[in-house]
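The values are calculated or read from the model by the stated rules, or taken from the named source; none is laboratory data. None of the values given here were measured: they were computed from a predicted structure. Positions of Cβ are generated from backbone atoms using ideal geometry, with glycine treated the same way; all protein chains shown enter the neighbour counts.
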Amino acid sequence: MATGGVYKNGSHKAPNLRTSSSFKSKLPASNVRRSIPGGGTDSVSGRVRVAVRLRPRNAEEMAADADFADCVELQPELKRLKLRKNNWDSDTYEFDEVLTEYSSQKRVYEVVAKPVVESVLDGYNGTVMAYGQTGTGKTYTLGRLGDEDTSARGIMVRSMEDILVNISPETDSVSVSYLQLYMETIQDLLNPANDNIPIVEDQRTGDVSLPGATVVEIRNQQTFMELLRLGENHRIAANTKLNTESSRSHAILMVQVKRSVLGREDDFSTENENRSHSVGNFKPPILRKGKLVVVDLAGSERVHKSGSEGHMLEEAKSINLSLSALGKCINALAENSAHVPVRDSKLTRLLKDSFGGTSRTSLVVTIGPSPRHRAETASTILFGQRAMKVENMLKIKEEFDYKSLSKRLEIELDKLISDSERQQKVYENEVERIRLEAQKRITEAERNCAEVLQEEKVKCQMDYMESIKKLEEKWNINQQKRAANGEVRMDSGNDEVTELKALLQNEIRLRKAAEEENNNLKLQLLKFSKAALSGGNTDVMNLQEILEEESVQKNKLEEEVRALRSQLSQLSTEANQSRSYLERGRNGNTLAGLDCLSPLNHLQSRDSSNGERASIVNLHEQVGLQKILSLLESEDANVRIHAVKVVANLAAEEANQEKIVEAGGLTSLLMLLRSYEDETIRRIAAGAIANLAMNEANQELIMAQGGICLLAMTASDAEDPQTLRMVAGALANLCGNDKLQMRLRSEGGIKALLGMVRCRHPDVLSQVARGIANFAKCESRASSQGTKPGRSLLIEDGALPWIVQNANNEASLIRRHVELALCHLAQHEVNAKDMISGGALWELVRISRDCSREDIKALARRTLTSSSTFLAEMRRLRIEV
Ligand code: ADP
Ligand code: MG
């Protein structure tokens, strides 16, 4: 209780006490430090602001107190109130605002409530409370609706008007609950059935809420007015029901204001919003939650004064329990007491944040002028004075609005998805376009390519046709050339025949002409005879002479025709023969016509080709051997080939061989072998030499003219089996000559013979085997005569392995030659050792047992039994023959 002192509470005129007009602007930005999220912990000090309002005298007071002065005197400009103690003494109190009985509702709102409302809009909690004796104008100040006179609208109505003006309906929201606290029970004035609403405190933040209360969203002033009316009606009804007055209950209006600060601060302006498409730029918007609590308290008069209306004491106590608890809390806060008994009543619990909390609180204490209520007035003033000492720490209630962010992001995401889909579509269209373009180009390229290829193909075909044509022309020219060159060729033969036929025709014609002439002459003679008979004899004589001459001429011509006919038949034969050679050559059996050259089968072959050969013999008789041999050196290869064929055929006849050699044919043939320019010539020449080599005298000549070397050379060079067969045949013949043994060996004849086994052709192998057998035979003969001392040259030249290997060759001809060779070799004791080590003994034993030729079988047995070495070995091996 303030006592005396002119300037009570002067020291409490805090430096940050503000007038309404400057309240908001004077909040330093730096002071409003926000600890985001979760409604910051930083705060601004904010003392509870207290205004005092004096009600004008009412009619009753005018009458009753007419003779008395008011108990208070106001000095609004000094914000002072003088409370008269008596006629000469008064106490002076200073308030934040002093509102006289003439103060308008508007001014009261602006002074008391507007700063709080503005704070609420900024995200602070705010409290506007009226305290005072019943009938002093609390409800008038707070709750007047101003239906008839809008200037009379109270703080609730004006606050809501201000709030609705300042919020944006899209982002912000306002909701309202309206309650009554009576006898420690909270009733819902918007839903009277809800008459025992519990108070819930958040343990973490300490915030108090009434989750059971009806909350109505306010979109416009009209709705709010209706709610206030409804609440007021319910309050009257409730009080009637409870048999009480509204002055005994506390009315509490709670206004929750939620504001999104997006667009006002940071990057969340509406303009920026359009720019910031990137999700990364999004910060959650900030949601400010300011709560305005307007409390119309129950009358503060003492119980006993109002108790006259018949209420029980306990009830009266209970009625004012909350109010006295509020007084105690304010006292404790004013004195900075360690304990503030907030929990003593529901009112103090509800107003926990309003006094000593984070709320901006404005208190209006209402007083009446009547000296009769001086004590209550003084009590009210004292309450106000104490309340002025309560310091609150204003704290902004803001948090990140994740819900809103999520919504915004969802919208953004939808937008991005649709953008992406649109871009995807564009991209796909582009891809399709490129694909079609590429397809088009490929088709075009393919078409071009096909055209070029077609052109190229046509060109190639043309070139090909051209080439064919050229080749044909060339071939024709060659054919013509051949026809012109080859005198012994089939075609040339034909030409010759044609020519001879023409000659013959000519001769026939001439003869006919002669015969005709003859007949003419005969006729003339007849005429002359007739004339002579009638005339002279001289002319007749002359004519007879002419006639005789003509007759001789005719005989001569006839003789010539006969000779030509014979020549023609000869040429025809030769032409046929040539044709048959060529045809056989074309069939791959080039030497078929020379089979007779093989010394082993020439007799048989000779029989088959006797006719041809006869004509050749005939031919050579006519043309002359010398002439044919000279043709062997002809420049023309075709002529050479033909000539060598003729010579080879002649050489197949034993009768001709001597003549050929005498005429130098052997030398020419060896020369052909040396030159080996042509495989055919070489083959035929070798065949001819082989035939000549059948004759012993010729064998020596061949040797003397270096034939062994030449044959050996051919044996190593030639590939063709038929050539090799001829060479092997020639060498085999030479092998049968006792006198040539050493030379054959020293000039490589044996080695050449053995070398030819590389060609596995049985004809070649057969000749090789024959040669070896011949050679072995000569050796065994020489050794038995004692002229050959050492071991066999065949063994020395390494023939034994091949001999042993082929001793049982499946070709009987080869087998027989080899068997004979083995027998011959075995006859010379000096060979025995080598033969045993080379496995020949086994073969000899086999021959002696199994050979199909009895003579050879016997020879083998004889040989084996006559050799001591073989006998010893056979004994050792327990072999019996
Ligand atoms: P309380 O609510 O404090 O009990 P009320 O607001 O009901 O008091 O006021 C009681 C009476 O006084 C009412 O008839 C009201 O119209 C009148 N009244 C109160 N204050 C004023 C004022 N400032 N001007 C005119 N009449 C007032
Ligand atoms: Mg009232």
Quick check on this structure: which one of ASN506, ASN478 is at pLDDT 80 or above and within 30 Å of GLU559 (Cα to Cα)? ASN506
Could you tell me which of the residues GLN187, GLN222, GLN203 is buried (at least 18 other Cβ atoms within 10 Å of the Cβ) and of a type outside the set (A, V, I, L, M)? GLN187
Report yes if LEU164 is over 22 Å from GLU232 (Cα atoms) and more than 16 Å from ligand 1 (Cβ to nearest atom), otherwise no. no
Taking the residues in the stretch 287-317 that are surrounded by fewer than 17 Cβ atoms within 10 Å (Cβ to Cβ) and at pLDDT 65 or above as candidates, determine which candidate is nearest to ligand 2 (Cβ to nearest atom). ARG302
Within the stretch 774-783, does at least one residue satisfy the condition of being crowded, with 20+ Cβ neighbours inside 10 Å, among the acidic types (Asp, Glu) and in contact (Cβ under 8 Å) with a residue 24 or more places away in the chain? yes
Is it the case that some residue within the stretch 86-105 is exposed (fewer than 13 other Cβ atoms within 10 Å of the Cβ), aromatic (Phe, Trp, Tyr) and at pLDDT below 95? yes
Can we say TYR124 is closer than 17 Å to SER354 by Cα, within 16 Å of ligand 2 (Cβ to nearest atom) and crowded, with 22+ Cβ neighbours inside 10 Å? no
Residue within the stretch 734-754 that is free of Cβ contacts under 8 Å to residues at least 60 places away in the same chain, crowded, with 17+ Cβ neighbours inside 10 Å and among the hydroxyl-bearing types (Ser, Thr, Tyr) present: no
When SER418 is evaluated against the numbered criteria (1) modelled with pLDDT of 90 or more; (2) over 34 Å from the mean Cα position of the chain (by Cα), which criterion, by number, is the only one it fails? (2)
VAL120: passes all of (1) within 16 Å of ligand 1 (Cβ to nearest atom); (2) among the aliphatic types (A, V, I, L, M); (3) closer than 25 Å to GLU398 by Cα but (1)
Taking the stretch 66-78 and keeping residues away from ligand 1 (no atom under 15 Å from the Cβ) and buried (at least 19 other Cβ atoms within 10 Å of the Cβ) leaves CYS71
Out of the residues in the stretch 127-151 that are outside any loop (DSSP other than H, G, I, E, B) and more than 15 Å from ligand 2 (Cβ to nearest atom), state the one that is nearest to GLU398 (Cα to Cα). THR127
